[in-house]
1. Looking at this structure, is residue 150 within 20 Å of residue 72 (Cβ to Cβ), open to solvent by 80 Å² or more (accessible area, probe 1.4 Å), in a helix (DSSP H, G or I) and at pLDDT 95 or above?
2. Inspect all residues belonging to region 164-179 and state whether any of them is at pLDDT below 75, among the hydrophobic types (A, V, I, L, M, F, W, C) and assigned to a helix (DSSP H, G or I).
3. Give me a count of the residues in region 33-43 that are within 32 Å of the chain's Cα centre (by Cα) and either charged (D, E, K, R) or open to solvent by 40 Å² or more (accessible area, probe 1.4 Å) (or both).
4. Determine if region 172-194 includes at least one residue that is surrounded by 14 or more Cβ atoms within 10 Å (Cβ to Cβ) and within 14 Å of the chain's Cα centre (by Cα).
5. Within region 123-134, is there a residue that is surrounded by 17 or more Cβ atoms within 10 Å (Cβ to Cβ) and modelled with pLDDT under 95?
6. Criterion first (of a type in the set (A, V, I, L, M, F, W, C) and modelled with pLDDT under 95) does residue 102 satisfy it?
Amino acid sequence: MAAALNRVAIGAITLGGALSLAGLSIYNVDGGERAVIFDRLSGVLPNTVPEGTHFLVPWLQKAVIFDIRTRPRSIQSVTGSKDLQSVNITVRVLSKPVVKDLPSIYSRLGVDYDERVLPSIANEVLKSVVAQFDAGELITKREIVSSQIRESLVRRAREFSIHLDDIAITQLSFSKEFIHAVERKQIDQQMVERSRYEVQRAEHEQRAAVVRAGGESEAAKMISQAVAR
């Protein structure tokens, strides 16, 4: 009886171990995800694992899951314009990894690749582009500024196997001193325009008065001639 119980116990332990081993050997890659395999002997394997259920060697191998869906991120930078004005600029980027390069991304940067790369290169690009324009030009030439930021940032991100779907400037502001200076300039321009308008109106009224005086004189002359007849 004892021997039979021992055999049952051994069988249960063996079965449990086998099931546990099988569980550790299976992993799932869900939709919107890809996996990279890290092997203790070979390092990061070169192939990206697609969606589905897959097998690996427990302890020797580990599956690292990546989210490959497009994700938004806002990045803020405080920099200086060409005329040395302080500029606060924020861009929103939509990014995702280049799937075939995931093994390389994991080897160089790790799973948090976007956190490590995007803020750094975005600040680099924003400072470089903004420094090419005066503060006023950043407002009047916003489309050109946005285009240069987009082209430069896409190019830099590509060096790290990151694809950018969209880049947009969501905030562009200046120091209080600059804003006050712009407001004062606008007020001065409005006063100049108002003075010009007043001068033009006075000249117009003067010409109208001359025309009316001439007309009245001509009318008086015609009446005198008619009476004389």
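1. Values: within 20 Å of residue 72 (Cβ to Cβ): yes; open to solvent by 80 Å² or more (accessible area, probe 1.4 Å): yes; in a helix (DSSP H, G or I): yes; at pLDDT 95 or above: yes.
It is true that residue 150 is within 20 Å of residue 72 (Cβ to Cβ), open to solvent by 80 Å² or more (accessible area, probe 1.4 Å), in a helix (DSSP H, G or I) and at pLDDT 95 or above.
2. Quick first cut of region 164-179, residues at pLDDT below 75 only: 179.
When the remaining residues are screened for being among the hydrophobic types (A, V, I, L, M, F, W, C), the result is 179.
Now drop any that are not assigned to a helix (DSSP H, G or I), which leaves 179.
Checked against the condition, which is being at pLDDT below 75, among the hydrophobic types (A, V, I, L, M, F, W, C) and assigned to a helix (DSSP H, G or I), region 164-179 yields at least one hit.
3. First, pick out the residues of region 33-43 that are within 32 Å of the chain's Cα centre (by Cα): 33-37.
Right, trim to either charged (D, E, K, R) or open to solvent by 40 Å² or more (accessible area, probe 1.4 Å) (or both) and you get 33-34.
Qualifying residue count, region 33-43: 2.
4. Checked against the condition, which is being surrounded by 14 or more Cβ atoms within 10 Å (Cβ to Cβ) and within 14 Å of the chain's Cα centre (by Cα), region 172-194 yields at least one hit.
5. no
6. Working: of a type in the set (A, V, I, L, M, F, W, C): yes; modelled with pLDDT under 95: no.
So residue 102 does not fit the description; no.
Let's see how each residue does on (1) assigned to a loop (DSSP other than H, G, I, E, B); (2) modelled with pLDDT under 95; (3) of a type outside the set (D, E, K, R); (4) under 15 Å from residue 103 (Cβ atoms):
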site	(1), (2), (3), (4)
28	no, no, yes, no
37	no, no, yes, yes
46	yes, no, yes, yes
64	no, no, yes, yes
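Every residue, every condition in (1) in contact with a Gly (Cβ under 7 Å, 6 or more places away or on another chain); (2) surrounded by 14 or more Cβ atoms within 10 Å (Cβ to Cβ), yes or no:
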site	(1), (2)
57	no, no
62	no, yes
68	yes, yes
74	no, no
79	no, yes
83	no, no
87	yes, yes
92	no, yes
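The values are calculated or read from the model by the stated rules, or taken from the named source; none is laboratory data. It should be emphasised that the depicted structure is a prediction, and the values quoted were computed from it without experimental measurement. FYI the Cβ positions are ideal-geometry reconstructions off the backbone, even for glycines, and counts take in every protein chain you see. The accessibility values were calculated without ligands, DNA or RNA, using every heavy atom of the protein model including side chains. Shrake-Rupley method; radii C 1.70, N 1.55, O 1.52, S 1.80 Å.
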